[in-house]
Amino acid sequence: MKKLHPKQEALLKLLEKNVDDPMTIRELQQELQITSPSIVYHHLEQLEKKGYLKRNPFNPKDYQILSIPEKPIVYLNLYGLAQCGPKGSILDGNPIDRIPIASRLIKFPTCEAFLVEAKGNSMEPIIKAGDLIIVQKRQTAQNGETIVCVNNSEALIKKFYSLRDRQELRSENPSYPPFSPNDDFRIEGIVRGIISYS
């Protein structure tokens, strides 16, 4: 475990205490008697680099404190988008590889992360065949989120919509029409990142 600066220890305790009602940067600055907001940002970045904190880069109030600091490099299971058995999950089988990833690139606990390799062109231009997709394990999704799912015993990457009378799966590529999921439909996770080699 990397040693923390006293201000970082105090900041971590303050974040933990207020996790249900997160404080603003200004409030953190005042509470810790720090002279500048940029110093608060610096200590937040250090807590993240040292593996104690995960932050949403788009929402400073959205963060998770990790009781066990994550290692700088983690190995994520890579699964293929292949046929699954009846009521099966792509996560039931053995991963085809384990890929090293810098944990700071994953903005949620890495224990919830896995990778899939995209195939086909249905999600182009956003996701191309061969891209590695960072996925957060989830069984539910919000409208418009891109998901990894099982449908008709096949693993897919699609955009998810829950309409008034049905659910719908959509592709990014307009050549592929939307469709309703089958009875075996299950969400495996939410797409959180794309590693593209093209």
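Subtracting the Cα-Cα distance from 0.36 nm times the residue separation, let me have the gained length for Glu154 to Tyr41 in nm, one decimal.
Difference between extended and current length: 36.3 nm.
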Review point. Using modelled amide H (1.01 Å from N, peptide plane; none on Pro or chain starts), what sits under 5 Å from the amide H of Glu145, excluding residues fewer than 5 places away?
Key: Phe160
Revision key, fill the gap. Amide H neighbours of Asn173 at under 5 Å, excluding residues fewer than 5 places away on the same chain, with H built from the backbone geometry, are Met123, Glu124
Exercise for review: Using R₀ = 45 Å, calculate the FRET efficiency as 1/(1 + (r/R₀)^6) where r is the Cβ-Cβ separation of Ser180 and Arg26; round to 0.05.
Suggested key: 0.40
Point to revise | Peptide ranges 13-26, 112-125, 156-169 listed from the most packed, as the mean C-beta count within 10 angstrom indicates | key: 112-125, 156-169, 13-26
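Per residue and in Å³, how big is the convex hull formed by the alpha-carbon atoms of the chain?
For the chain, the hull spanned by Cα atoms encloses 148 Å³ per residue.
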Exercise for review: Could you tell me which of Pro125, Ala141, Ile106 has its Cα farthest along the dipole of the chain towards the positive end, charges placed at Cβ (Lys, Arg +1; Asp, Glu -1), taken about the Cα centre?
Suggested key: Ile106
Check your understanding: Rule-of-thumb check for the stretch 6-80: C-alpha Rg over 2.2 N^0.38 Å?
Key -> 1.20
Check your understanding: Taking H as built 1.01 Å from N, whose amide H comes closer than 5 Å to the amide H of Arg192, not counting residues under 5 places away?
Key -> Ile134, Val135, Gln136
Review point. Based on Cβ point charges of +1 for Lys and Arg and -1 for Asp and Glu, what charge dipole magnitude is obtained for the stretch 75-195 about its Cα centre, in debye rounded to the nearest 20?
Key: 320 debye
Revision key, fill the gap. Phi-derived 3J(HN,Hα) across the stretch 30-37 with the Karplus relation (6.51, -1.76, 1.60, θ = phi - 60°), rounded Hz, x for Gly and Pro, is 5, 4, 8, 6, 9, 6, 8, x
Exercise for review: Could you go through the stretch 131-147 in sequence order and give the Karplus-derived ³J(HN,Hα) for each residue, using 6.51 cos²θ - 1.76 cosθ + 1.60 with θ = phi - 60°, rounded to whole Hz, and x for Gly and Pro?
Suggested key: 5, 8, 10, 7, 10, 9, 4, 8, 10, 9, 8, 8, 3, x, 6, 8, 10
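Is there a quick way to get the dipole size of the stretch 6-65? I mean about its Cα centre, with the Cβ of Lys and Arg at +1 and of Asp and Glu at -1; what is the value in debye to the nearest 20?
Magnitude of the dipole: close to 180 debye.
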Study note, to complete from the structure: XL table Lys107/Lys158; Lys49/Lys158; Lys54/Lys158; Cα-Cα > 24 Å flagged, in table order, is Lys49/Lys158; Lys54/Lys158
Review point. From the phi of every residue in the stretch 73-80, what ³J(HN,Hα) in whole Hz does the Karplus formula 6.51 cos²θ - 1.76 cosθ + 1.60 yield, where θ is phi - 60° and glycine or proline is x?
Key: 10, 10, 9, 9, 5, 9, 10, x
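No value in this document is a laboratory result; all are computed from the given coordinates. Just so we're clear, the structure is a prediction, and the values are computed from it rather than from any experiment. Neighbour counts are summed over all protein chains in view; Cβ atoms, including those assigned to glycine, are modelled from backbone coordinates with ideal geometry.
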